[in-house]
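See structure below.
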Amino acid sequence: MAMMAMTIRNSASRRTMMSRPIFGSRSMSSWWKNVEPAPKDPILGVTEAFLADPSPDKVNVGVGAYRDDNGKPVVLDCVREAERRIAGTSFMEYLPMGGSVKMVEETLKLAYGDNSQFIKDKRIAAVQSLSGTGACRLFADFQKRFCPASQIYIPVPTWSNHHNIWRDAQVPQKTYHYYHPETKGLDFKGLMDDVKNAPEGSFFLLHACAHNPTGVDPTEEQWREISQLFKAKKHFAFFDMAYQGFASGDPARDAKSIRIFLEDGHHIGISQSYAKNMGLYGQRVGCLSVLCEDEKQAVTVKSQLQQLARPMYSNPPLHGAQIVSTILGDPELKSLWLKEVKIMADRIIGMRTTLRDSLEKLGSPLSWEHIGMFCYSGLTPEQVDRLTSEYHIYMTRNGRISMAGVTTGNVGYLANAIHEVTKSS
Amino acid sequence: MASSMLSLGSTSLLPREINKDKLKLGPSGSNPFLRTKSLSRVTMSVSVKPSRFEGITMAPPDPILGVSEAFKADTNELKLNLGVGAYRTEELQPYVLNVVKKAENLMLERGDNKEYLPIEGLAAFNKATAELLFGAGHPVIKEQKVATIQGLSGTGSLRLAAALIERYFPGAKVLISAPTWGNHKNIFNDAKVPWSEYRYYDPKTIGLDFEGMIEDIKEAPEGSFILLHGCAHNPTGIDPTPEQWVKIADVVQEKNHIPFFDVAYQGFASGSLDEDAASVRLFAERGMEFFVAQSYSKNLGLYAERIGAINVVCSSADAATRVKSQLKRIARPMYSNPPVHGARIVANVVGDATMFGEWKAEMEMMAGRIKTVRQRLYDSLVSKDKSGKDWSFILKQIGMFSFTGLNKAQSDNMTNKWHVYMTKDGRISLAGLSMAKCEYLADAIIDSCHNVS
């Protein structure tokens, strides 16, 4: 992709250096001749293809958006109630560049703990962001601006957009071992070796819980070891937490990796998203936080984060933030939310179990030890293509299955199809 | 803003290098900076190792958004906020349009879901916004020559276009008016697109330096991007006349430049959506390829919902398809897909004949209030000022803002002595002015103009 962009750049600059076409021809040719069609996004393109498919049997296990057991999108009750309270009555004045203060406060409590000393000491620089993507992008731009010689270590595999984000921020990327295809589990040794071999003070991207796309997470004990090694190497840990509450059903438990790092004294960065756990996908609500030395530094860092946001979008959107503050600021609504998150997580865990049981009954050799919305099926791109063309089952070509798209209605069909395309391999 | 960005870049030293001296580790690895804090149950050792971010300095307050913050902190009763361009009622209250409340209630009743929008945004919104701009049934729309992507209001839409320019026109320059909205420079700086200024504001006449503008556009290297304000120029309020727009289009075409319109006030300037789109439509008539960034912050009062669009008019449907795909590629690593709420509101309002009519009426009302207050300010100045100074420039200006002609020191006087908050370039937002306060403001302006240099 980088090569293609380079070619386009070179040909465009050659074009500008040549003599310009005369005015008469301008009206017939286009400025945009050198613009090639961009490749379809590997994740969002799947849903496009799914929507276009007329088959009644079609199944979408592509994008990670939660579906109920009827395969329908869900708007949480707590969200509906919050919207009722705010509809038609709210002002629409610009939020500050850093976003809704109330929403950020509540969001930090989720990640750092309700009684976090860091929050009390005001040591966290935090801004409302455009969901997880926006938080990662702001951090990547911030890293580029203030640690220009740094690189980012990204796990293999990871959410594909991570690569786009750090690339567009012009931060060079390196990878570290994560997924072990043979065991379909964590390549812990490979991971630790890469952490050890990275130059001191490197930046690492970690998935706090429910690794996307594999669904494979380190155990608590492994997280502790990772944290100790990070300490020895003075690495910077940046956590992408897109599934808090969604992985185990318990937000505190899902934040364990972060809490371990905080206990061990790391100054970390965190991207948080409400897309999945509050079902606010399209509202684009999230938060970027950076734990600093002291309050003064937190104020300074926050000012610089705002400086990066201003020429990108000026200030973040209000509606989603209002929903979040309304819910988290009201004990009853918050408790309703926690219940609903657990229901979603439980349904997914239940579906995962059912899918595994169905596959085992069919005699499939695949194993299903994973957690969260996704799992890496181990299917090859060719097998995925067969699933789509023969069975109208849509997923990303890396074999990632979004469990949220599995229902009691389609789990049998799905298991059967997977078994059919994999039994000979 | 540009200069502050440059200085920031030079202070970003590798933090590790600065702090090597500060970190003194004891032989057993114990850290003399170690502090122990007791939390609820866990005693944590917080190692105060030197931060990587040691070298980071405080960013300057935003020159526009910072004004509101200063205003909030002021306890004086007479204070007046003429800083940020957000519409206020006569009672100086923020205003949520009735038609917006209606749309929101409709959306709530319908129980719309909150799924991700596609990267390019809500299709119904994209259709509506292009039609509002060019007119439904316009050839560029019928022939599918416009690539339209929902963006994060005006700022986000400008940024997408800037990134496209950087990627496909490396080295090409953007010309921006002197002066222009403060954030334009930030956007092009952060997108790494070089820019320079064309003359625009003439302080002597407090009007348009048209000859200077044409000269500078002619001088620019062929194929430059020319940033034009579609209507209601921000910050001056000074727009070219229809005849002047024709000449601008001539010289832009002659030099093979690419026009880049920022349309943040359609409907808000004159009160008429069509009238305010005249400049853009003129260029479309010419068959030119160009950019248009739109915002619904002001005209639908949707400030906080960040709703706007970037439109790229191309000479063919094929080019438009390709351009759209590349705009998506820029948006994905920025925010993945845009926020749905504001887009739905716009689509609902424009898509329903009754609500659309109501919107037009509310917009006329807002634009009308501003015109009335503008007249009242002029009348107050003329009756109070005995110096014979010609204040008619105030009536010639259009839109939310007025360039008063006050310099920085005079603007400071407005704030320090009169508690009138405005930006240092002499811009006042008439949207924040009530009839009741016109006389007070006139006094302040007259004092600052004549007694401060």
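The values are calculated or read from the model by the stated rules, or taken from the named source; none is laboratory data. Computed from a predicted model, the values in this text were never measured in an experiment. Neighbour counts are summed over all protein chains in view; Cβ atoms, including those assigned to glycine, are modelled from backbone coordinates with ideal geometry.
What are the residues in the stretch A:71-105 that are crowded, with 17+ Cβ neighbours inside 10 Å, touching a Ser or Thr at 6+ places or on another chain (Cβ under 6 Å) and away from every other protein chain (no Cβ under 13 Å), if any?
none
Could you tell me whether any residue of the stretch A:365-372 is acidic (D, E) and under 23 Å from A:D187 (Cα atoms)?
Within the stretch A:365-372, one or more residues are acidic (D, E) and under 23 Å from A:D187 (Cα atoms).
Mind counting the residues in the stretch A:278-292 that are facing chain B (nearest Cβ under 8 Å) and touching a residue at least 12 places away in the same chain (Cβ under 8 Å)?
7
Being crowded, with 17+ Cβ neighbours inside 10 Å, in the same structural domain as B:V312 (by the TED database) and outside any strand (DSSP E or B) is the requirement here; does B:Q253 meet it?
So B:Q253 passes the test.
How many residues, within the stretch B:274-293, are farther than 21 Å from B:R159 by Cα and under 19 Å from the mean Cα position of the chain (by Cα)? Show your work before the answer.
Just the residues of the stretch B:274-293 that are farther than 21 Å from B:R159 by Cα, to begin with: B:274-279, B:281-288.
Add one more test, that the residue is under 19 Å from the mean Cα position of the chain (by Cα), and what stays is B:276-277, B:279.
So the answer is 3.
Find the residue count for the stretch B:259-280, including only residues that are surrounded by fewer than 21 Cβ atoms within 10 Å (Cβ to Cβ) and farther than 18 Å from B:M400 by Cβ.
So the answer is 2.
Check whether at least one residue in the stretch B:309-331 is within 10 Å of chain A (Cβ to nearest Cβ), under 20 Å from the mean Cα position of the chain (by Cα) and among the acidic types (D, E), and report yes or no.
no
Just one of A:T183, A:T158, A:T175 is within 19 Å of A:Q272 (Cβ to Cβ) and of a type in the set (S, T, Y); which is it?
A:T158
Can you confirm whether the stretch A:295-303 contains a residue that is of a type in the set (S, T, N, Q) and surrounded by 23 or more Cβ atoms within 10 Å (Cβ to Cβ)?
no
Which numbered condition trips up A:V406, out of (1) in contact (Cβ under 8 Å) with a residue 24 or more places away in the chain; (2) out of contact with any Cys (no Cβ under 9 Å at 6 or more places or on another chain); (3) aliphatic (A, V, I, L, M); (4) surrounded by fewer than 22 Cβ atoms within 10 Å (Cβ to Cβ)?
(4)
Suppose we keep only residues that are facing another protein chain (nearest Cβ under 10 Å), more than 25 Å from A:V79 (Cβ to Cβ) and not acidic (D, E) within the stretch A:254-277. Which one would you say is surrounded by the most Cβ atoms within 10 Å (Cβ to Cβ)?
A:L262
Pick from B:M355, B:M334: which is in contact with a strand residue (DSSP E or B) (Cβ under 9 Å, 6 or more places away or on another chain), more than 20 Å from B:A264 (Cα to Cα) and of a type outside the set (G, A, S)?
Selected residue: B:M334, the only one of B:M355, B:M334 that is in contact with a strand residue (DSSP E or B) (Cβ under 9 Å, 6 or more places away or on another chain), more than 20 Å from B:A264 (Cα to Cα) and of a type outside the set (G, A, S).
Could you check the stretch A:117-140 and list, in sequence order, the residues that are touching a residue at least 40 places away in the same chain (Cβ under 8 Å), more than 13 Å from A:S271 (Cβ to Cβ) and within 11 Å of chain B (Cβ to nearest Cβ)?
A:F118, A:D121, A:R123, A:A125
Answer yes or no as to whether A:Y66 is more than 9 Å from chain B (Cβ to nearest Cβ) and either of a type in the set (A, V, I, L, M, F, W, C) or crowded, with 18+ Cβ neighbours inside 10 Å (or both).
Here the answer is yes, as A:Y66 does meet what is asked.
Could you please find all residues in the stretch B:146-200 being more than 9 Å from chain A (Cβ to nearest Cβ) and among the polar types (S, T, N, Q)?
Answer for the stretch B:146-200, where residues must be more than 9 Å from chain A (Cβ to nearest Cβ) and among the polar types (S, T, N, Q): B:T148, B:Q150, B:S157, B:S177, B:T180, B:S196.
What helices (runs of 4 or more DSSP H) lie completely within the stretch B:129-222 and have 1 or more residues being touching a Phe, Trp or Tyr at 6+ places or on another chain (Cβ under 6 Å) and of a type in the set (D, E)?
Answer list for the stretch B:129-222: B:210-219.
For the stretch A:34-43, does any single residue satisfy the condition of being among the acidic types (D, E), modelled with pLDDT of 85 or more and either closer than 30 Å to A:G405 by Cβ or part of a helix (DSSP H, G or I) (or both)?
No, because not a single residue in the stretch A:34-43 is among the acidic types (D, E), modelled with pLDDT of 85 or more and either closer than 30 Å to A:G405 by Cβ or part of a helix (DSSP H, G or I) (or both).
Take B:S387 and decide whether it is in contact with a helix residue (DSSP H, G or I) (Cβ under 8 Å, 6 or more places away or on another chain), within 23 Å of B:H233 (Cβ to Cβ) and either assigned by the TED database to the domain that holds B:L78 or in contact (Cβ under 8 Å) with a residue 12 or more places away in the chain (or both). I'd like the intermediate steps shown before the answer.
On the way: in contact with a helix residue (DSSP H, G or I) (Cβ under 8 Å, 6 or more places away or on another chain): yes; within 23 Å of B:H233 (Cβ to Cβ): no; either assigned by the TED database to the domain that holds B:L78 or in contact (Cβ under 8 Å) with a residue 12 or more places away in the chain (or both): yes.
So B:S387 fails the test.
So for the stretch A:221-235 (the condition being acidic (D, E) and either closer than 26 Å to A:V301 by Cα or surrounded by 19 or more Cβ atoms within 10 Å (Cβ to Cβ) (or both)), does at least one residue qualify?
no
Can you list residue pairs whose Cβ atoms sit under 8 Å apart, with the first residue in the stretch A:189-209 being within 18 Å of A:M241 (Cβ to Cβ) and the second being among the polar types (S, T, N, Q) and not in a loop (DSSP other than H, G, I, E, B)? Count only pairs 6 or more apart in sequence or on different chains.
Listed pairs, sorted by first residue: A:F203/A:Q143; A:L206/A:S257; A:A208/A:S257; A:C209/A:S257.
Right, B:N76: modelled with pLDDT under 90, part of a loop (DSSP other than H, G, I, E, B) and not aliphatic (A, V, I, L, M) or not? Please lay out each step first, then the result.
Working: modelled with pLDDT under 90: no; part of a loop (DSSP other than H, G, I, E, B): yes; not aliphatic (A, V, I, L, M): yes.
For B:N76, the condition - modelled with pLDDT under 90, part of a loop (DSSP other than H, G, I, E, B) and not aliphatic (A, V, I, L, M) - is not met.
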